[in-house]
C-alpha cells in the first residue's frame, strides 16, 4: 500500500509541471527622477536580465513601453510571448522599481514585481527585484534553470537517510518488530547527461552506501535483538525536471550481515552471525533547495539470497548534501 501511494505521488508530480515558456524579454525602464542615477533605464533593465538565462534584454528593439498597449504592440511586432516592462521612481531619497509581467497570449498582466531601497543602494535594489522575478518564473511559470556543463564543480553527493523497514518473508515477519533504519554513503556523478532537452535531463549516478536496520522480538517470542548491516553499490538512473525535481530508479547489489543477539531467560546470552549476497531496487524523489542541499523520499525492496529468500521493504526520508556548485547560464546582452 505504501509503495502504491509513493508511485501515485511520483506520477502526479511528473505531470504537474507546466510547459516551459519562451524566453521573456525585458524592456528599458522608464525613469522618473530629478536626481542623477548610477544607471540609465537601459542599464538597469540589462542588469536585471543578466544572470537569469530566460530573460532577454530588448536593447534598441524596444522604444518607450509604459503601458499595456505599448507592450502589446511590441510583442506583436517582435513575436514575443512575455514582456517585462515598468519604471523606476525616486521619491524622498528612495528608489522604487515597479515591473509588470505581460502575457501576450492571454493579453493580461500575469503579476507585478515591486522593490524599494535607498537612493544610494541601486545595486542592492536590482538584486532584490532580480530575486523576486527569478523565484516567480521558476515556481509559478515552471521555467527550468539551465545547467552549464562547463561550469560543473565537483562530482560528489552524500546521502543521509532515516527510515522504517518491514520484513516481508514469512519467518522474520512473524517474530520481529522493526524499529528503524539509517543509511549513508557517497554518490558519484562524473559523466555528462545521457539525454538532455530544455525541459529535462537524464543522467547516471553510482556509489557506495552502508545501511543499518534494527529489530526486536515480538512479545510472545524469546528475547533478541536483530541487527542488519548492508553494504550496497547503488546504480541510479535519474530524471531531472526544472533542475529542482529529481526522480531516480535505483538498483543496488548488496552484501548483508545479520547479527542475532539472543537474550534467553534460562541460559547465557548468545550471538549468531549469518551473511549472504542480494540486491535492492526501488524509486526515489528529491527536491533541490539550492546548489548544496536536496531532500526527498524513497521506497525500496531488498532481496537477500539465503537458503530461504529474505525480502524486506523500506521507506526512507533523505537529505542529500552536494559538493558541486552549478552556475546558471547568463545571456550576453551587450
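The values are calculated or read from the model by the stated rules, or taken from the named source; none is laboratory data. None of the values given here were measured: they were computed from a predicted structure. No Cβ is skipped: glycine too gets one built from the backbone with ideal geometry, and neighbour counts run over all protein chains shown.
Computed quantities for the displayed model
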quantity	calculated
Selection status of residue 122, at pLDDT below 90 and touching a helix residue (DSSP H, G or I) at 6+ places or on another chain (Cβ under 9 Å)	yes
Qualifying residue in the range 271-293 (condition: farther than 24 Å from residue 163 by Cα, under 30 Å from the mean Cα position of the chain (by Cα) and either in the same structural domain as residue 209 (by TED's automatic domain parsing) or surrounded by 13 or more Cβ atoms within 10 Å (Cβ to Cβ) (or both))	yes
Whichever residue in the range 136-159 is outside any loop (DSSP other than H, G, I, E, B) and surrounded by 14 or more Cβ atoms within 10 Å (Cβ to Cβ) and, among such residues, is modelled with the lowest pLDDT	147
Test: residue in the range 219-241 that is assigned to a loop (DSSP other than H, G, I, E, B), touching a strand residue (DSSP E or B) at 6+ places or on another chain (Cβ under 6 Å) and modelled with pLDDT under 85	no
Given (1) closer than 15 Å to residue 30 by Cα; (2) in contact with a helix residue (DSSP H, G or I) (Cβ under 8 Å, 6 or more places away or on another chain), number of the condition residue 130 does not satisfy	(1)
Given (1) assigned to a strand (DSSP E or B); (2) over 23 Å from residue 161 (Cα atoms), number of the condition residue 174 does not satisfy	(1)
Lone unmet requirement of (1) in a helix (DSSP H, G or I); (2) under 30 Å from residue 246 (Cα atoms); (3) touching a residue at least 60 places away in the same chain (Cβ under 8 Å) for residue 126	(2)
Options 252, 270: the member that is touching a strand residue (DSSP E or B) at 6+ places or on another chain (Cβ under 7 Å) and under 18 Å from residue 188 (Cβ atoms)	252
Residue match in the range 246-260 (condition: in a strand (DSSP E or B), in the same structural domain as residue 211 (by TED's automatic domain parsing), in contact (Cβ under 8 Å) with a residue 60 or more places away in the chain and surrounded by 15 or more Cβ atoms within 10 Å (Cβ to Cβ))	yes
